[in-house]
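Below is one structure; the comments refer to it alone.
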Amino acid sequence: MTLLDRLEKRGCVSRRKPGRSYIYRPKVSREKLRERALKQLLDGFFDGSADALLNFLRQPRDPRVSPR
């Protein structure tokens, strides 16, 4: 409930109360949310560089090493 209240305050969802409960609906499209998430990923881990992300994804991984 707290998460949905915060999303509503940020303008990401709308809510209405037809009875005793709330009904939430997204106000932002999935594509727009995907763009925001990718931008945060790029800015936070790759200094805003899409090329750095692509280079990271292209690196071979050792399957014996488990991710944390």
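The values are calculated or read from the model by the stated rules, or taken from the named source; none is laboratory data. In this text, all values refer to a predicted model and were calculated from it rather than measured experimentally. Cβ placement follows ideal geometry from the backbone for every residue including glycine, while neighbour counts extend to all protein chains displayed. Areas reflect the complete protein model, heavy atoms only, side chains present, ligands, DNA and RNA absent. Shrake-Rupley method; radii C 1.70, N 1.55, O 1.52, S 1.80 Å.
Relative intensity of the chain on a log10 scale, I(q)/I(0) at q = 0.20 Å⁻¹, equals -0.89, per a Debye sum over C-alpha point scatterers of equal strength in the absence of solvent.
Normalised per residue, the accessible area of the chain is 96 Å², obtained with a 1.4 Å probe and no contribution from ligands, DNA or RNA. For the chain, give the percent of accessible area contributed by carbon and sulfur heavy atoms, probe 1.4 Å, rounded to a whole number. Carbon plus sulfur share of accessible area: 52 percent.
Once you reduce the range 33-68 and the range 1-27 to the center of their Cα atoms, the two points are 31 Å from each other. Can you find, among Ser49, Thr2, Ser29, the residue sitting farthest towards the positive end of the charge dipole of the chain, where Lys and Arg contribute +1 and Asp and Glu -1 at Cβ? My answer, from the dipole projection, is Thr2.
As a test of the formula, what do you get for the chain when each DSSP H run with n ≥ 4 contributes -39,500 (n - 2.57) and the sum is divided by the residue count, at 222 nm and rounded to the nearest 500 deg cm²/dmol? Helix contribution divided over all residues of the chain: -14500 deg cm²/dmol. Summarising the amide proton neighbourhood of Val13: residues at separation of 5 or more, or on other chains, whose placed amide H is nearer than 5 Å comprise Glu8, Lys27.
Charged side chains reduced to their Cβ positions (Lys and Arg at +1, Asp and Glu at -1) give the chain a dipole of some 620 debye around its Cα centre.
Roughly what angle does helix 30-45 make with the longest principal axis of the chain, taking Cα atoms, 0 to 90 degrees, to the nearest 10? The angle comes out at about 50 degrees.
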